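Written below as structure tokens is the structure these notes are about.
The values are calculated or read from the model by the stated rules, or taken from the named source; none is laboratory data. Keep in mind that this is a model prediction, so the values were computed, not measured. When we count neighbours, we look across all protein chains shown, and the Cβ atoms used for this are built from the backbone with ideal geometry, even at glycine. To get the accessible areas, we keep the full protein, side chains included, count just its heavy atoms, and leave off ligands, DNA and RNA. Shrake-Rupley method; radii C 1.70, N 1.55, O 1.52, S 1.80 Å.
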Amino acid sequence: MENATFSHVSVMLYECIESLNIRPDGIYVDCTTGGGGHSFEIVKRLGNGGRLICIDRDDAALSAAGERLRDYRDKVTFVKNDYSRIDDVLASCGVEKIDGALADLGVSSYQLDTPERGFSYNCDAPLDMRMDTSAPFSAYNVVNEYSETDLKRIIYEYGEDDLAPRIASAIVNARQSAPIKTTGQLVDIIKSVYPAKLLAVGHHPAKKTFQAIRIEVNGEIRSIQPTIEAITSHLNPGGRIAVITFHSLEDRAVKQTFAALATGCTCPPSFPVCVCGKKPKLKIITKKPILPSDDELKVNHRSHSAKLRVAQKEIL
């Protein structure tokens with residue numbers, strides 16, 4: 001029986017599997033295992049010699065995935081780590097080259113729906129937001145220790161909220177009397193600076209700030225480029241990388257990194273011959289991102305902003 005404490009509907013499940021172009025004897029990496037939905041469909045397609053490496057920094061996710069994949073343990077290796085340390089993970093597994101990698105950059109339904117994890121603005125809980133609950137740095141540190149300038153920066157850049165200066169100022173003013181310890185306190189502070197007309201319509205006023213703080217706590221944006229570059233260096237020719245994103249900042253980072261790795265010679269057009277020696281490392285498979293189907297959108301509302309981009313290691 002699947003671990004009932006970890007519930008997460010895998011986004012664009014079959015689109016991802018099809019995009020990976022799985023070989024039965026290949027070695028694959030699920031960089032963000034979650035409850036094991038994508039992993040399960042990958043490992044089912046592996047035969048003799050095939051191997052799947054499942055990475056996650058959330059103990060609950062690894063426990064749930066371990067139960068879900070229990071019949072395939074001979075083909076699966078579970079590793080608790082951050083996918084940004086893919087070099088270390090593969091080295092620990094004795095693997096140098098892989099045939100595909102998948103990264104689902106979203107927060108799991110389990111993390112959002114478990115109040116004590118502190119990801120949600122819909123219930124009062126300790127300020128946390130750590131994907132790895134053993135990590136020393138949490139949302140509490142960001143909210144109570146960052147300068148007003150840094151708070152404004154991350155809320156504006158990662159939350160894309162034009163009210164970032166007012167929110168940052170309100171947080172700093174509030175914490176002068178006592179530390180801000182809970183999500184409920186933070187929500188009230190954010191609501192206090194929102195104009196009434198904005199409170200009455202649209203998204204929850206705390207959504208963007210919570211997104212920004214979560215991204216900062218878990219290093220979500222800054223790890224995308226180096227991780228994709230590292231995965232690319234380990235891909236066999238013809239191997240593929242598939243990345244699911246859930247907001248524009250992530251998608252932009254993936255798109256730009258893919259584009260840079262797919263770019264060959266950068267010499268000026270006036271040069272008669274190439275002197276830079278640069279050759280493309282990736283071929284972009286998805287010129288435009290793959291989006292969830294209408295059927296999926298009906299049954300999984302959290303997939304509405306998802307985008308899937310796929311690239312393939314060049315065959316030289």
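Of the numbered conditions (1) surrounded by fewer than 15 Cβ atoms within 10 Å (Cβ to Cβ); (2) under 24 Å from Leu90 (Cα atoms), Gly264 satisfies every one except a single condition; which is it?
(2)
Per-residue answers, yes or no, for (1) touching an Asp or Glu at 6+ places or on another chain (Cβ under 9 Å); (2) at pLDDT 95 or above; (3) within 22 Å of Glu18 (Cβ to Cβ); (4) of a type in the set (Asp, Glu):
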residue: Gly219; (1), (2), (3), (4): yes, no, no, no
residue: Glu229; (1), (2), (3), (4): no, yes, no, yes
residue: Ser233; (1), (2), (3), (4): yes, yes, no, no
residue: Leu249; (1), (2), (3), (4): yes, no, no, no
residue: Thr266; (1), (2), (3), (4): no, no, no, no
residue: Ser270; (1), (2), (3), (4): no, no, no, no
residue: Cys274; (1), (2), (3), (4): no, no, no, no
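Does the stretch 275-282 contain any residue that is open to solvent by less than 50 Å² (accessible area, probe 1.4 Å), in contact (Cβ under 8 Å) with a residue 12 or more places away in the chain and outside any strand (DSSP E or B)?
The answer is yes; a qualifying residue exists.
Please determine, by comparing only the residues of the stretch 101-124 that are in a loop (DSSP other than H, G, I, E, B) and closer than 23 Å to Leu52 by Cα, which one is modelled with the lowest pLDDT.
Ser108
Does the stretch 4-20 include one or more residues that are among the β-branched types (Val, Ile, Thr), open to solvent by 10 Å² or more (accessible area, probe 1.4 Å) and either modelled with pLDDT under 90 or more than 22 Å from the chain's Cα centre (by Cα) (or both)?
Checking the stretch 4-20: at least one residue is among the β-branched types (Val, Ile, Thr), open to solvent by 10 Å² or more (accessible area, probe 1.4 Å) and either modelled with pLDDT under 90 or more than 22 Å from the chain's Cα centre (by Cα) (or both).
Can we say Leu62 is modelled with pLDDT under 95, within 17 Å of the chain's Cα centre (by Cα), of a type in the set (A, V, I, L, M, F, W, C) and surrounded by 16 or more Cβ atoms within 10 Å (Cβ to Cβ)?
So Leu62 passes the test.
Which one is most open to solvent (accessible area, probe 1.4 Å) among residues in the stretch 91-143 that are under 21 Å from the mean Cα position of the chain (by Cα), of a type in the set (Asp, Glu) and over 21 Å from Pro205 (Cβ atoms)?
Applying the filter and picking the extreme gives Glu116.
Count, please, the residues in the stretch 139-185 that happen to be of a type outside the set (A, V, I, L, M, F, W, C) and within 16 Å of Asp124 (Cβ to Cβ).
7
Could you say whether any residue in the stretch 220-236 is farther than 26 Å from Glu96 by Cα and either open to solvent by less than 50 Å² (accessible area, probe 1.4 Å) or not hydrophobic (A, V, I, L, M, F, W, C) (or both)?
no
Return the total of residues in the stretch 237-259 being surrounded by 15 or more Cβ atoms within 10 Å (Cβ to Cβ) and part of a helix (DSSP H, G or I).
Within the stretch 237-259, residues that are surrounded by 15 or more Cβ atoms within 10 Å (Cβ to Cβ) and part of a helix (DSSP H, G or I) number 8.
How many residues, within the stretch 69-90, are more than 22 Å from Gly49 (Cα to Cα) and open to solvent by less than 70 Å² (accessible area, probe 1.4 Å)?
Here the count works out to 4.
Of the numbered conditions (1) in contact with a helix residue (DSSP H, G or I) (Cβ under 6 Å, 6 or more places away or on another chain); (2) under 29 Å from Ala61 (Cα atoms); (3) in contact (Cβ under 8 Å) with a residue 24 or more places away in the chain; (4) buried (at least 20 other Cβ atoms within 10 Å of the Cβ), Phe210 satisfies every one except a single condition; which is it?
So the condition that Phe210 fails would be (1).
Run down Ile180, Ile215 and say which single residue is closer than 25 Å to Phe246 by Cα and either open to solvent by less than 80 Å² (accessible area, probe 1.4 Å) or in contact with a helix residue (DSSP H, G or I) (Cβ under 6 Å, 6 or more places away or on another chain) (or both).
One residue alone meets the criteria, Ile215.
How about the stretch 147-162: which of its residues are modelled with pLDDT of 95 or more, crowded, with 18+ Cβ neighbours inside 10 Å and more than 20 Å from the chain's Cα centre (by Cα)?
Listed by number, the residues that qualify are Leu151, Lys152.
Residue by residue, here is whether (1) within 20 Å of the chain's Cα centre (by Cα); (2) small (Gly, Ala, Ser); (3) more than 19 Å from Ile55 (Cβ to Cβ) holds:
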site	(1), (2), (3)
Lys287	no, no, yes
His301	yes, no, yes
Ser305	yes, yes, yes
Glu314	no, no, yes
